[in-house]
Amino acid sequence: MSAICRARLTGVGGYLPRQVITNAELAQKVDTSDEWIKTRTGIEQRHIASEDETTASMAALAAQRALEQAGVSSKEIDAVIVATSTPDKVFPAVAVQVQALLGMEKGFGFDVSAACSGFIFALATANSLIQSGSAKKILVIGSEVFSRLLDWNDRTTCVLFGDGAGAVLLESGAEDGQGVLSTHLHSDGRTGDLLYVDGGVGCAGTTQQLKMVGREVFRHAVVKLSQAVDEALESNHLTGEDVKWLVPHQANLRIIEGMAKKLSLPSDRVVVTVDRHANTSAASIPLALNEAVQDGRVQKNDLVLMEALGGGLTWGSALIRM
Ligand code: COA
């Protein structure tokens with residue numbers, strides 16, 4: 001029997017809109033304060049897309065940077081998978097728009113909808129396509145313009161999110177012990193009312209704005225992310241001590257610190273961007289990974305643990321040896 005061909009991560013890139021809105025600026029528009037936002041979430045500012053920036057345009061820029069880092073041409077790419085909850089169009093998929101923006105003439109693209117866990121779901125899908133031999137080089141992208149889903153008069157949600165895109169390139173042929181070691185996906189539709197955006201075309205009379213029962217989502221996040229992390233470690237016969245970097249979904253600093261504590265990881269081995277990016281949903285993990293790779297923190301052979309929870313609820317984890 002031939003050995004399973006794992007996917008390795010060969011490039012990572014990110015894109016953040018130029019416009020930055022600080023907590024103090026938000027406090028001029030809604031009844032909130034820099035202190036409340038910082039204390040409850042760790043967020044200090046967020047990037048907001050301008051009118052000419054779209055989910056597809058940001059995705060393509062992040063992908064371009066991942067390709068440059070890997071030294072791979074877009075012509076060599078077999079597939080593009082975009083995780084997003086904010087597609088520019090009902091169809092074609094953002095991934096197909098990205099193909100055109102990157103000048104791709106072959107391969108295929110599709111989007112994955114799993115809210116803030118979307119990047120983990122897209123990564124798992126890409127890894128499976130590579131393991132099955134269906135594709136050799138896949139761009140996995142998270143790109144979101146949550147600023148266009150928010151009720152900017154609702155202080156309980158509008159302070160939490162930001163826009164941006166992150167991308168990784170996965171290629172077949174990981175050396176022994178390297179690459180995507182495992183992914184673990186979960187969802188439970190019974191908790192759909194805790195965090196959602198209505199307004200899909202299948203249902204009339206809706207607002208198309210994000211609604212969240214923050215405290216309940218927080219409670220689920222602590223429990224479910226712990227389980228997802230345990231699952232990833234146990235299935236690879238590893239412990240928290242083996243993890244070099246935690247690259248978590250960036251929703252709330254208190255949740256991130258809770259996960260680090262559970263793993264006994266010191267704060268300097270946890271990649272945190274929530275202070276500057278806020279919650280960029282499916283883009284948050286690749287944006288955080290990009291930052292830590294570009295500044296030299298994450299190195300070849302490092303064991304990276306990723307985890308995320310989002311609307312659905314959806315949640316999951318991934319372990320990658322870089
Ligand atoms: N500024 C000032 N006050 C605010 C506020 C804001 N932006 N948002 C809410 N408040 C108020 C509330 O009205 C409430 O006031 P009350 O006690 O007078 O009713 C008080 O602050 C506490 O609100 P609560 O919702 O209980 O706060 P919290 O400590 O749970 O923090 C979140 C709120 C959203 C930061 C937190 O619940 C959270 O991070 N949840 C998980 C979010 C998450 O992970 N989501 C995404 C998954 S992808």
Filter region 259-275 down to the residues that are touching a residue at least 40 places away in the same chain (Cβ under 8 Å) and in a helix (DSSP H, G or I) and list them by number.
M259, V274, D275
What tally of residues in region 72-101 results from selecting those that are over 26 Å from G311 (Cβ atoms) and touching a strand residue (DSSP E or B) at 6+ places or on another chain (Cβ under 8 Å)?
5
Given (1) in contact with an Asp or Glu (Cβ under 7 Å, 6 or more places away or on another chain); (2) surrounded by 18 or more Cβ atoms within 10 Å (Cβ to Cβ), where does K136 come up short, assuming only one miss?
(2)
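Restricting to region 125-165, name every residue that is among the polar types (S, T, N, Q) and either within 12 Å of the ligand (Cβ to nearest atom) or in contact with a His (Cβ under 8 Å, 6 or more places away or on another chain) (or both). Step through it out loud before you land on a result.
Filtering region 125-165 for residues among the polar types (S, T, N, Q) gives 125, 127-128, 131-132, 134, 143, 147, 153, 156-157.
The answer is N153, T156, T157.
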Enumeration of residues in region 92-113 that are of a type in the set (S, T, N, Q) and farther than 19 Å from L129 by Cα
Q97
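Yes/no matrix, rows are residues, columns are (1) within 16 Å of the ligand (Cβ to nearest atom); (2) buried (at least 23 other Cβ atoms within 10 Å of the Cβ):
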position	(1), (2)
A221	yes, yes
E241	no, no
E257	yes, no
P266	no, no
T280	yes, yes
L287	yes, yes
L305	no, yes
G316	yes, yes
Has region 212-219 got any residue that is under 29 Å from E171 (Cα atoms), in contact with a helix residue (DSSP H, G or I) (Cβ under 7 Å, 6 or more places away or on another chain) and not assigned by TED's automatic domain parsing to the domain that holds T156?
no
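The values are calculated or read from the model by the stated rules, or taken from the named source; none is laboratory data. The structure presented is a predicted model; accordingly, all values stated were derived computationally and were not measured. Counting neighbours? That spans all protein chains shown, and the Cβs are built from the backbone with ideal geometry, glycine included.
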